[in-house]
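Some notes on the structure that comes next.
The values are calculated or read from the model by the stated rules, or taken from the named source; none is laboratory data. Quantities reported herein were computed from a predicted structural model and do not represent experimental measurements. All Cβ positions, glycine included, derive from the backbone under ideal geometry; neighbour counts span all protein chains shown.
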Amino acid sequence: MRQFLKTWGGSRGSLVSTKRIGPLVGCLVFFALASLAMGKKGETRVLVDSFAEKSYLKKKDAGESARRETYHMVEGKSHGGVIRDSSLREVAFIEVAEGLARELETRNYFPAQAKEEGDFVIIVHRGITRIEADWDELFPVDDSEEAAEESDEEEEELTNPETYLREEGFSNAEQDNAQLIGFDRALQRRGLMPQDELELQEMLRSERYFLVLMAFDWQKMQKTGEKKLLWSTRFSMDAIGVGFDDAHFALSRGAANYFGTNLDGKLGKTKTFVGPGEVVTGDLEVIGTVDLDEE
């Protein structure tokens, strides 16, 4: 297991307050706040698969609000696509971890203060899905070659699992991607509409950035060595036209409400903007005042 990260906390957002000015009781003010960057780099849809153990869910949501828990965060595997993506290598894990930490706080998850402490250890995997090349388009064959190979195809269908999966509509690569980003549980759900299945399959044929969070019972792991999975969240977004340096912020933000929950195979869908979206406060400008004593 890799070295544990040091804890961090706090928010980069600033709180702005107004004070009473002289005898005035109320005032109309304008806060010159910078934009949250929404729309500057486009919007995206984050799809989320979330699992949590039943006994864990009972403890987590036993009260009126989710109980406070602490964690350690560890870097997991990095999955590269077929085409080398420099943005995946350029984004350090600590940057991804900091973005996740801000969003984890919304579910009452906070960094542990000591290595021995903590409710769980979160292993974070990241990357981009691998898209299988269409060899029929790269190396087309003529009609005579297809006729010559036709007799061999029937036997191949019985022995080649990839051919069988293609008959079912999914290639091996698409099956792997489905498991990686959590589409497999959605595709196995009863009552899945044909149009929804086609949409998911089409997404599996395009490159998608993803993050996978796997939360294990840290106290049990220390005492017995057992790796007990308490919850996991897999979330992804379209990688076309965006780099991972902007995508990981959108991914974390889009999945925030689903950490530590169980969707039972349904996919959570969140529309958000691409990029960090940090709030920067500007100068306070008073544009008018109202004395409440005046009629």
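Considering (1) under 20 Å from Asp238 (Cβ atoms); (2) assigned to a loop (DSSP other than H, G, I, E, B); (3) free of Cβ contacts under 8 Å to residues at least 60 places away in the same chain; (4) in contact with a strand residue (DSSP E or B) (Cβ under 9 Å, 6 or more places away or on another chain), the lone condition that Glu117 does not fulfil carries the number (1). Here the helices (runs of 4 or more DSSP H) wholly within region 183-227 that include at least 3 residues being farther than 23 Å from Asp238 by Cβ are 218-224.
Could you tell me whether region 234-244 includes any residue that is in a loop (DSSP other than H, G, I, E, B), more than 19 Å from the chain's Cα centre (by Cα) and at positive phi? Break it down stepwise before answering.
Of the residues in region 234-244, the ones in a loop (DSSP other than H, G, I, E, B) are 239-243.
Remaining after also requiring more than 19 Å from the chain's Cα centre (by Cα): none.
No, region 234-244 contains no residue that is in a loop (DSSP other than H, G, I, E, B), more than 19 Å from the chain's Cα centre (by Cα) and at positive phi.
The set of residues in region 253-270 being touching a helix residue (DSSP H, G or I) at 6+ places or on another chain (Cβ under 6 Å), within 18 Å of Ala52 (Cα to Cα) and not in a loop (DSSP other than H, G, I, E, B) consists of Ala256, Gly268.
Conditions tested, residue by residue: (1) at pLDDT below 95; (2) surrounded by 18 or more Cβ atoms within 10 Å (Cβ to Cβ); (3) within 23 Å of Phe93 (Cβ to Cβ); (4) of a type in the set (Lys, Arg).
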position: Thr159; (1), (2), (3), (4): yes, no, no, no
position: Glu162; (1), (2), (3), (4): yes, no, no, no
position: Gly182; (1), (2), (3), (4): yes, yes, yes, no
position: Gln188; (1), (2), (3), (4): yes, no, no, no
position: Gln201; (1), (2), (3), (4): yes, no, no, no
position: Leu211; (1), (2), (3), (4): no, yes, yes, no
position: Ala215; (1), (2), (3), (4): no, yes, yes, no
position: Trp231; (1), (2), (3), (4): no, yes, yes, no
position: Ser236; (1), (2), (3), (4): no, yes, yes, no
